[in-house]
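Written below as structure tokens is the structure these notes are about.
Coordinate-derived values only; no laboratory data. Predicted model, so just to flag it, every value in this text is computed and none were measured. FYI the Cβ positions are ideal-geometry reconstructions off the backbone, even for glycines, and counts take in every protein chain you see.
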Amino acid sequence: MEKLKNTLGLIILIIILLTFIFGGYFLMRYFTKNEGQKEVVKDDKPKIDLRIDKTKDYLYYDNMEEVLESEEIEFMDVEINISGFEDTNNTLKSEMNTIRKSIKYGKDISNAGELNLNPDDIYSLEYRDYQDYSYNEFLSLLVMDYKYNVVDGSIPTNIESYVINKNTGKRMMGDELLQKYNITMDEIKDKVKNRVSDIKNLNEDISVDDTMNNFNTFALYINKVGKLAITYVVKTSNLSYNDNVVLS
């Protein structure tokens, strides 16, 4: 009798275990199937497209002209292809037209022979360089102006940035960027000073004091990974150049 009880108990235990195993299996398949059949909620709200020309990107370049191959200097127009920036584009084009007329040749200067310049060789010019970055809804355009001559090379003269929310068509100014990234100008100056001090160890011609005392040519922008960054002018004992620091 005891043996029969043990056998029945074992059978009951096996039945219970099989019930849990198969029941759990079918229950899992049921929920998995239902999960896969959940209705996908579609966002029927149309995306805002503020492009002026829908066949082109939010920013593009036009009228490219190679000017000085040895220095990789080109003339080109930039188009911010966003509604509301038509006047800005006209201003940038007008400025570029003035820059195109800035070229001086060997025939235009008296000491061309001393500089080994032929009459049609370029002696000096102004030019403009661009950098652009896109991150989510933000578009950043850096407009950097230089003066060049065969003696001194390229010297930065001005930097301006256009940080634009592509969804709203609004330009974000410096104060808005500082607020968005919760940073102050004093903190930015500290980061720039640390950067300039570090690179001075590699180039003794760099002047930390002159750079910081003349810290008025710079531009804030959002880089391609969404960080706030700054491009600014570094002063040296001879010339100057642009450098950048990621701030956030």
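What whole number of Å gives the distance from the Cα centroid of the range 177-234 to the Cα centroid of the range 41-104?
Taking the Cα centre of each part, the range 41-104 and the range 177-234 sit 27 Å apart.
With the cut-off at 16 Å, report for the range 161-233 the share of all Cα pairs above it, as a whole percent. Let's see the in-between values first.
On the way: 1423 of 2628 pairs.
The share of Cα pairs beyond 16 Å in the range 161-233 comes to 54 percent.
Residues with beta-carbon under 11 Å from that of K56, excluding K56: net charge, scoring Lys, Arg +1 and Asp, Glu -1? Don't skip to the end; give the middle numbers.
Numbers: positive: R51, K54; negative: D53, D57, D62, E79.
Every neighbour counted, the sum reads -2.
Set Lys and Arg Cβ to +1 and Asp and Glu Cβ to -1, take the dipole of the range 105-206 about its Cα centre, and tell me which of L115, I159, N203 lies farthest positive.
I159
For the range 45-172, take N as its residue count and report Rg(C-alpha) divided by 2.2 N^0.38 Å. Display every interim value, and only then the final one.
Details: Rg = 18.0 Å, N = 128, 2.2 N^0.38 = 13.9 Å.
Taking the Cα Rg and dividing by 2.2 N^0.38 Å, one obtains 1.30.
Write down the Å³ per residue value for the convex hull defined by the alpha carbon atoms of the range 98-218. Working shown, then result.
On the way: hull volume 19.7 nm³, N = 121.
Normalising the Cα hull of the range 98-218 by residue number yields 163 Å³.
Once the other residues with Cβ under 15 Å from the Cβ of D243 are scored (Lys, Arg +1; Asp, Glu -1), what is the net sum? Write down the numbers at each step before the final one.
Details: positive: K189, K191, K193, R195, K200, K235; negative: D129, D198, D205, D210.
With Lys, Arg at +1 and Asp, Glu at -1, the net is +2.
Net charge near E66: determine it from the other residues with C-beta under 10 Å of the C-beta of E66, scoring Lys and Arg +1 and Asp and Glu -1.
-4
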